Structures are given as structure tokens and as C-alpha cells.
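Here the structure comes first, spelled out in C-alpha cells, and everything after it is commentary.
Taken together, the values in this text are just the output of simple stated rules run on the coordinates, not laboratory data. Keep in mind it's a predicted model, so treat the numbers as computed, not measured. Every residue, glycine among them, receives a Cβ derived from its backbone with ideal geometry; neighbour counts consider all protein chains shown.
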Amino acid sequence: MTATNGKRSVKTAIIGAGMAGILAAIKLRERGEEFVVFEKADRIGGTWRENRYPGLTCDVPSHAYTYSFEPYPDWKANFAGGPEIQSYFEMVTDKYGIRRNIRFGCEVTSVDWSEDSCLWTVTLASGETYVADAVVAASGVLHHPNIPQIEGLDSFEGPVFHTARWDDDAPIDGARVGLIGCGSTGIQIVTAINKRVERLVHFQRSPQWILPVEQFEFTDEQRAAFRADPKLIDAIRYSDEYIGAVLRFTKGITEVDGPEMTAIEDLCRENLEKSVRDPDLREKLRPDYRAACKRLIYSWCYYEEVQNPSVYVETGGIERVEPKGVRMKDGTFHELDTLVLATGFRADRFIRPAGVTGQGGRTLDDFWAVRPSAYYAVAIPGFPNFFMLNGPTGPVGNFSLIDIAERQWGYIDQLMDRLRNGEARYIAPKAEAHAEYEERRIAAAKTTIFGSGCSSWYLDATGVPSSWPWGYQDFADAMVAPKFEDYALSA
Ligand code: NAP
């Protein structure tokens, strides 16, 4: 940090060039500050770079899944596909001129705080180091594939791969495909490939509630109108239909017996009853837990597509994988050409496996020994000038992570102002403020719909929902300004 007239220039290391890292880079570029983005891959995009499976679609409406400062008139449909979203981020990266600040192929292996210099040293896999005043961890939540521990998985003779590592050479067309997992990913893949395969065996350990949504394409006239008048885009993004639904949804999450959650449950149940004609299949697809306990699946076509005769929903337990297919516990054998693992992600990793060492030599692994946490999801006691976007305990659910990251950035930016204006060399939340926040959060989290009795990636290792447990408006309000009395500043 160099000082001029009491002002200090702050140098920042951003880790990850996905949606959140790009956002931080744009904001720091606008301030004219020095920063570098370290990206382990050779392209930007994060989730949207890694996931290329058939049917990949964002279930947040496209006009709401954009940066607020960069509306996009050309979305093809209400729910955009993965490649189009990736192109959007590529376009934004170029438009804001941040590509030259991104160092591709640079995996961060450790981040270490120096008590003497009050600086972070970022070490790359190559051994190279970079010294910064502040670190922004924008490394995403869902990017470490969860590979199931199934006996014999390695013995399968055909291609077997996780959905985030899609194998373009694997037989799908006219092939016998096994698909393990029924989260948002597995459901989207069923809808995309059932007409291409000879047979699709969908291994379902737990069925999912499906909320019906409307997919439609924007016409050329609509796109021209959006281009001519961006207020028309805002009218969608900030419509009651979208914002109102987010607010009602988060109210439902927190008031599990209230009218909002009852309405969601009724819609899901009615969708199942009306859409699935075969009573046996209907019962197979009926969850025994409450809607939205696992992440609710939004789909306009799953129930229709799963009724295609090419699809078989297998609800028996998997005994093992054999060279030619999957053996069930009851002895049934499914001969397969390709096996796809839609088994989700290890959502407790965040920046790890990179090692982070803060004040007093304390590691993040140690701080997170029980569960990952961060004060208001953005900062950690003992880890000064270390800020997280979409970090632990932030809101999760069926809404835009871009909006969440933007609001978090607004908050982080104000913390960094204290460094910029020379008031502090470093800033971190006080341990007691964090402990009080976590105590309140955990107590509230247990009462949310996520804690109502199902397994999901929303739960931490102790079974407590790891997310923001209050309403979305509460989150938005909390991000307006930090409570500086909860922060320790060092001159
Ligand atoms: P997920 O929701 O965690 O689902 C994983 C699935 O794999 C579950 O059905 C799980 O069954 C099953 N599974 C895991 N291990 C298994 C095993 N050993 N044997 C059998 N089944 C096993 O993962 P995901 O579908 O990849 O989705 C993760 C998150 O990504 C979503 O919740 C969402 O936040 C995001 N996403 C969003 C979109 C979008 O449109 N915006 C699309 C895709 C993904 P159990 O339920 O029984 O554990």
C-alpha cells in the first residue's frame, strides 16, 4: 500500500475469473486500481465454462441473470442456455477491458498473511508469488465434483464421467445411457437427451419436487425493442413477477408453514398429479420431504420428457458398477454404453484446496474445522483484507447469484474504502461479532425449510443449513453498509 496525501493505493489479488471475479475486476478497473485476476483454467466463465452438459440452462430468467450495469437485449429465451451465458461473460470481459488483467493457467495454491508487512502473498502452482494488500476470493461454490463412492465405478468399460467434465466423445445418440443423480443437473440432462438415446436409465436415489415455469423465446421484434429502450429490460428484471417471486420464495424458506411455502408446495404437488399419467411412475417421482427442502427444480418439460418410453426411472439401490453396466441391490442389471455422474459438488470447499493462512498462523482449514463460515458471508476474523464473493452463509436458492455478488461487492467496497482513505492498513471482523452472527444464523437456519428433514448440499457436515437463513430483503439491507463497530481496524 503506498500513501499519498493520506490516501493509499490498494493492490488486490482476485482469485477466479467466473461471474464474481469478473465483477470485482470491473469494479476495481473503474476505480483505476491495481489488481490481478488469477484463473486456473484457460478461459473465463467459472461454472459456465466448466459445465457443458446437454440441456444446461440457467433457471433464473435471463434478464435477471445479468450484471445490473450491463443489461443484455439479445437473450434468445426467458431461460438462457449455458453457451449463451458463457458468451455474455466473454463479451462483458472484453467490453470492460479486463482480459489483460487476467492471468490464465494460474492456479493459486496458497495465500499467506504477513504480520510484518500486513500484506498477502499469493503463491501459484508454478511457485511464482504475487504480493497484494487485499484478496478477493471469487472461486465459486459448486466446482469440486462430488464423485460417488460406488463399488466398481472404475471397472466400467465405457466412458464414465461427472457432468462438469462432459465427455463429447461418449456415446449418447442411439446409446444406452445411465445417469446417476436427480438434482437440477440430472433433470436437465433427462430433458435434453431422452429422445437421442436408445435407452436412458435414470438412477434416482431421491425424487425431486418440480416447480412448473414458463419457457419462451424472445422474438426479433422484442430484442429490437430491448435494444432501443433498455427500460423494457428493467421492467422484466425488476418486475413483480421476478422480484416478487424471489421475495415470496425467501419468505417461504423462512416461514415454513406460511402461505408462501404452502403455495409453492401446492404448485409442485399439482404439477406432479396433473403431469404424470402413469400412477406407478407418479409415485416413484413423489418426494417424501417438503418442497424446497432440497433446491427446488424449475422445469417446464421434465415431467413430459421423463414419460418418454426411452426413459426408465430406477429407484432401487445401486449394488455396484460392473464392466458392462450397473447392478442393483435386487440383482437387476442395466447394460450400459455410457455412465454419467450427475452427483453434484462438494459445496464446502470454496477457495480450498488452496491453503489460506491468516493472523497468528491460523489456517482457514482450522477456522472452518466445524463448518465454513464468514461474517455476513464476506469476511473472516483473523483474515484481514480477505474478502469473499458468494462465500459461506450467503443466500442460496432459486435466485440470481449475480445480484448477490453485486450487493456483496457494494459492502466489500466500503470496507476497502477504509484502506483507501488511509484510515486502516487492514480490516477484519471482530471474532465476537462473527461468533454472535453465527450463533444467530445457525439458530435461524435450523428453522428454515432447508432444515425440514432431507439431505442436500445446503447442509453442513453437522446437518445445519449452511446458508443465509433470513429473507432476501434482510440480506439486501445488510449489504447496504457494514456495521463498522463489528470490524477491527489497524492503523
Ligand atoms: P445436486 O443437486 O447436489 O444433486 C446430486 C444428485 O446426485 C442427487 O440426486 C443425489 O441424490 C445424487 N447422488 C449423489 N451421490 C449419489 C450416490 N452415491 N448414489 C446415488 N445418487 C447420488 O447436484 P446438481 O444437480 O449438480 O446441482 C447442484 C446445484 O447446481 C443445484 O442445486 C443448483 O444450485 C446448481 N444448478 C443450477 C442449475 C440452474 O439451472 N440454475 C442447473 C444445474 C445446477 P440424493 O438427493 O439422494 O442425495
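Side notes on the structure shown:
- Listed residues Val197, Ala245, Val213: farthest to the positive end of the dipole of the range 153-341 (Cβ charges): Ala245
- Taking the three principal axes of the alpha carbon atoms in the range 97-213, the coordinate ranges are 63, 38, 33 Å, sorted in descending order.
- The calculated pair-distance distribution of the range 153-341 uses every alpha carbon pair, bins of 5 angstrom beginning at 0, and gives 1, 7, 13, 16, 15, 13, 12, 9, 7, 3, 2, 0, 0 percent.
- Note on the chain: semi-axes of the ellipsoid equivalent to its C-alpha gyration tensor, largest first and rounded to whole Å, are 39, 25, 23.
- Point-charge dipole on Cβ atoms (K/R +1, D/E -1) for the range 153-341, about Cα centre, debye to 20: 320 debye
- Cα Rg over Rh - the range 50-90, Kirkwood: 0.93
- DSSP-defined beta bridges in the range 153-341 - what % are antiparallel, rounded to 5: 25 percent
- Take every pair of alpha-carbon atoms less than 8 Å apart whose residues are at least six positions apart; their mean separation over the length of the range 339-464 yields a relative contact order of 25 percent.
- Pair-distance distribution P(r) for the range 30-166, from all Cα-Cα distances in 10 Å bins starting at 0: 9, 30, 31, 21, 8, 1 percent.
- Using C-alpha pairs below 8 Å separated by at least 6 residues, the relative contact order for the range 153-341 is 41 percent.
- Listed residues Gly361, Ser490, Tyr289: farthest to the positive end of the dipole of the chain (Cβ charges): Ser490
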